[in-house]
Amino acid sequence: MVADGAASLLDVEQPPTVICTACGSHDIRALWATFLFNSIFTVAQLFGSILSGSQALFSDTSTMFVDSATYLINILAEYLRIGGAKRRTSAAVDISAAGISFVALVAVAILNILESVKGIEEGGGDTSDSPNQYIMFGFTA
């Protein structure tokens, strides 16, 4: 509950959004560009992790997939906002993106840790199937 005279964050009037007829607001264009660039790099890194045999690169790739999904949820929130949905609805979708992202990243981290421990237990000290360091460097640089 908000004290008399104090405004909640959801009740603050937002500046008008400039609407682009093709894609929506400037915010949506920026989110779409970020989503596309992140997704393209994520798919490329997925192939790199498979080709190099690197569990670490694959772990990073899995968190990047979560980031792409989060961008999609944020895009949905922006479309709701400019489409006339209540401010609370678009804010709830926007805030839920952070919660979903957090839960998904924790789950991905746990799965990656378990997979790494399994690899250590099975592989011992054998380095004959080490990841291709050139492919890994390409994604690091």
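Just to confirm my filter: which helices (runs of 4 or more DSSP H) fall fully inside segment 47-141 and include at least 2 residues that are of a type in the set (Phe, Trp, Tyr) and surrounded by 15 or more Cβ atoms within 10 Å (Cβ to Cβ)? Step through it out loud before you land on a result.
Details: elements: 55-82, 87-123, 133-140.
Filter on segment 47-141 gives 55-82.
One residue is enough: does segment 77-89 have a residue meeting the conditions under 26 Å from Arg29 (Cα atoms), in contact with a Phe, Trp or Tyr (Cβ under 7 Å, 6 or more places away or on another chain) and among the small types (Gly, Ala, Ser)? Write out each step before concluding.
First, the residues of segment 77-89 that are under 26 Å from Arg29 (Cα atoms): 77-89.
Now drop any that are not in contact with a Phe, Trp or Tyr (Cβ under 7 Å, 6 or more places away or on another chain), which leaves none.
Looking through segment 77-89, none of the residues is under 26 Å from Arg29 (Cα atoms), in contact with a Phe, Trp or Tyr (Cβ under 7 Å, 6 or more places away or on another chain) and among the small types (Gly, Ala, Ser).
Out of segment 50-90, which residues are free of Cβ contacts under 8 Å to residues at least 40 places away in the same chain and of a type in the set (Ser, Thr, Tyr)?
Result: Thr61, Ser68, Thr70, Thr89, Ser90.
Being modelled with pLDDT of 85 or more and more than 19 Å from Gln45 (Cα to Cα) is true for just one of Ile120, Ile75. Which residue is that? Write out each step before concluding.
Numbers: Ile120 fails: modelled with pLDDT of 85 or more.
When all the criteria are applied, what remains is Ile75.
The values are calculated or read from the model by the stated rules, or taken from the named source; none is laboratory data. Everything numeric in this text was worked out from a predicted model, so none of it was measured. Here Cβ is always computed from backbone atoms with ideal geometry, including for glycine, and neighbour counts include all displayed protein chains.
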